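Pasting a structure here, questions to come.
Throughout, read-outs are computed from the coordinates displayed, never taken from laboratory work. No experiment lies behind these values; they were computed from the predicted model shown. Here the Cβ positions follow ideal geometry from the backbone for every residue, glycine too, while neighbour counts run over all protein chains shown.
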Amino acid sequence: MLIALTSRDSGDVISASLSRLSEGNANIATLDMADVVEKAYLELGEDGCCNLNFNDTNWQQPMLNAKVCLNRALINAKTLTQSKENTRILQTELEDVLRSHINNIPQASAKAGMYGLCGDYLPLYLQWQRVQAIVPACLVPKYQYAFGSVAPEIDDFKAPIYKSVFDFRTWKPNTPPQSLWHTFVVDRPAGQPLVAVIVGEKVFFSTALESELQQRLEAYSIFIAQAFGSEFGEILYFIDGDSVCFAAHSHVIRLDIPSQSLDDAVATVVRKYLD
């Protein structure tokens, strides 16, 4: 049995595609993270500790029976607001339960990884270290991470961006915040932004590319997505002539792809696991 873990509140296009493909398909069971969160609550135990319970545990059975998991378990703040409990504690407890279930399924498009349920969810500077190690031909952005109230040394930055280490989508230069504390600053890479979406062995691009560059980026993209622990991913590059700079990888895929093309690519991944 194949179970598709989806996340409708995340805006993830793969989740939407899996939901469409599962309609009328008895071989695919779907479980959406919003539905799991809706059933979850925290209860104070006799030992004084908060314990996670569920109004309905029927959602666990498909996961226990599954041989294959297409993993889009992306729990975000919007999903967690469905719970009236302390969301930080709820997310920690809930991820522990789901991590165990996901990693016990024999095959998965992504196992629960570092800091995430859908592969490795890494801050930007750790992403850059990993990509530099595995794809030396890719450049990575220059950055400064200043601790405490120390001002970052960015005199040589051409286009500084003050942001969170987990902000994968903001790439417009900006001004420093009024209060500097643990300041993370990135020098915006030169060139034009390009988004690549990886769906198994298929790669979609936000802009048409010259053949040689497209082939090179297809190979980079599949390799990088796998290095972050998943068959699915969205990667932002900056292209400056022949130079390629890797900017960020996200497990949440939001690029607008024609639904038929996307569904065909996702269906290919599904067939690979069902065959």
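GluC sites (Glu not before Pro), restricted to the range 15-55: which are DSSP loop and have at most 12 other Cβ atoms within 10 Å?
Loop-located and lightly packed - Glu23, Glu46.
While we're looking at this one, here's another question. Can you give the charge dipole size of the chain about its Cα centre, rounded to the nearest 20 debye, using +1 on the beta carbon of Lys and Arg and -1 on the beta carbon of Asp and Glu?
Roughly 200 debye for the chain.
Can you put Leu44, Leu236 in order of Cβ neighbours within 10 angstrom, beginning with the fewest?
Working: Leu44 9, Leu236 19.
The most exposed by this proxy come first: Leu44, Leu236.
Taking the simple approach of a point 7 Å from Cα along Cα-to-Cβ for both Val165 and Ala77, what is their distance in nm?
So the two model labels end up 1.9 nm from each other.
Now for a separate question. How big is the gap, in Å, between the Cα center of the range 1-58 and the Cα center of the range 138-154?
Using only Cα atoms to place each centre, the spacing works out to 38 Å.
Ok, one more. Which entries in the list Lys39/Lys163; Lys39/Lys111; Lys78/Lys163; Lys78/Lys172; Lys39/Lys202; Lys111/Lys202 go over 28 Å, if you measure between the two C-alpha atoms of each?
Table pairs above 28 Å Cα-Cα are Lys39/Lys163; Lys39/Lys202.
Can I ask one more? Of the listed values [x] 34, 27, 14; [y] 29, 21, 16; [z] 57, 21, 14, grab the one calculated as semi-axes √(5λ) of the Cα gyration tensor in Å from the structure here.
Computing semi-axes √(5λ) of the Cα gyration tensor in Å and matching it to [x] 34, 27, 14; [y] 29, 21, 16; [z] 57, 21, 14 gives [x].
Let me ask something additional. What value, in deg cm²/dmol to 500, does the helix sum -39500 (n - 2.57) over DSSP H runs of n ≥ 4 give at 222 nm once divided by the residues of the chain?
-10000 deg cm²/dmol
Going toward the positive end of the dipole of the range 1-55, with +1 on Lys and Arg Cβ and -1 on Asp and Glu Cβ, which of Gly24, Cys50, Ile3 do you reach last?
It is Gly24.
For the chain, set up a Gaussian network in which alpha carbons nearer than 10 Å are linked by springs, and say which option among Gln61, Gln215, Gln107 fluctuates the most.
So, out of Gln61, Gln215, Gln107, the one fluctuating most is Gln61.
Among Thr183, Ser164, Phe147, flag the residue with its Cα farthest along the positive direction of the charge dipole of the range 142-188, charges on Cβ as +1 for Lys/Arg and -1 for Asp/Glu.
It is Ser164.
Can you give the extra length, in nm with one decimal, that the chain gains between Asn51 and Gln192 once fully stretched, where that is 0.36 nm per residue apart less the Cα-Cα distance?
45.9 nm
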